[in-house]
1. Say a paramagnetic label sat at a point 7 Å from the Cα of TRP29, along Cα to Cβ; which residues of the range 46-65 have their backbone N under 13 Å from it?
2. ASN60 to VAL46: extension gain in nm, 0.36 nm per residue of separation minus the Cα-Cα distance?
3. Pairs of Cα atoms under 8 Å, at least six residues apart: use those to get the relative contact order of the chain, whole percent.
4. In the range 68-140, what GluC sites (Glu not before Pro) fall in a loop by DSSP, with at most 12 other Cβ atoms inside 10 Å?
5. Mind checking which lysines have their C-alpha under 28 Å from LYS109, skipping anything on the same chain fewer than 8 residues away?
6. Rounded to the nearest 0.05, what FRET efficiency is calculated for LYS116 and THR79 with R0 set to 22 Å and r the Cβ-Cβ distance?
7. Can you compute 3J(HN,Hα) from phi for each residue in the range 44-60, using the Karplus curve 6.51 cos²θ - 1.76 cosθ + 1.60 with θ = phi - 60°, rounded to whole Hz and x for Gly and Pro?
8. Find the Cα radius of gyration of the range 1-103, compare it with 2.2 N^0.38 Å by division, and give the number to two decimals.
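The numbers here are math on the coordinates, done by the rules we state, and not lab data. All values derive from a computational prediction rather than experimental measurement. Because the Cβ atoms are built from the backbone with ideal geometry, glycine has one as well, and the counts that use them run over all protein chains shown.
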Amino acid sequence: MREGGVQRLIWLALARTTVLFRNNAGKAWLSGGGKVRRLEDGSVVVPFARPIALGLAKTNGDSPDGMHDLVGYTSITITPEMVGRRVAVFTSIEAKESGGGEVTAEQQKFCEVIRKAGGISGIASSPAMAQLIINEYCPP
């Protein structure tokens with residue numbers, strides 16, 4: 001199955017325990033004024049253009065290196081010092097096609113950064129793999 005299909009299945013499978021949002025990484029251009037025009041060759045002229053990040057962005061407007069496809073939080077209850085208090089643990093899942101797909105060094109590093117900070121992060125090519133990532137952090 002292609003990555004988009006796997007991603008959708010993961011998103012749906014984790015919905016009971018984890019709130020995830022589709023994160024479209026990239027950059028687009030926004031008009032700062034004036035009418036946007038399409039040229040005969042299909043090009044588009046965006047007057048007074050300024051870049052805008054798609055998805056999450058760093059302070060400089062760029063997408064974080066290796067940013068994952070699905071980001072959100074997993075709500076857990078802390079015990080015993082904070083009995084009954086729920087906290088949202090940052091969660092990120094990078095979806096790959098069912099055959100595995102290529103994992104970039106940046107995607108792997110992103111996983112490590114999130115885990116070291118106390119979050120849940122991993123790379124999955126099936127809903128079962130994604131569920132294992134969640135269960136490793138907070139067993140059912």
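1. Hits in the range 46-65 for TRP29 at 13 Å: 46-52.
2. Full-extension gain reported as 2.9 nm.
3. The value is 26 percent.
4. Here the sparse-neighbourhood loop sites are GLU81, GLU102.
5. Correct list for LYS109: LYS27, LYS58, LYS96.
6. Computed FRET efficiency for LYS116 and THR79 comes out at 0.45.
7. For the range 44-60, the Karplus curve yields 10, 9, 10, x, 6, 5, 9, x, 9, 6, 9, x, 6, 9, 7, 4, 7 Hz.
8. With N residues counted in the range 1-103, Rg over 2.2 N^0.38 Å equals 1.51.
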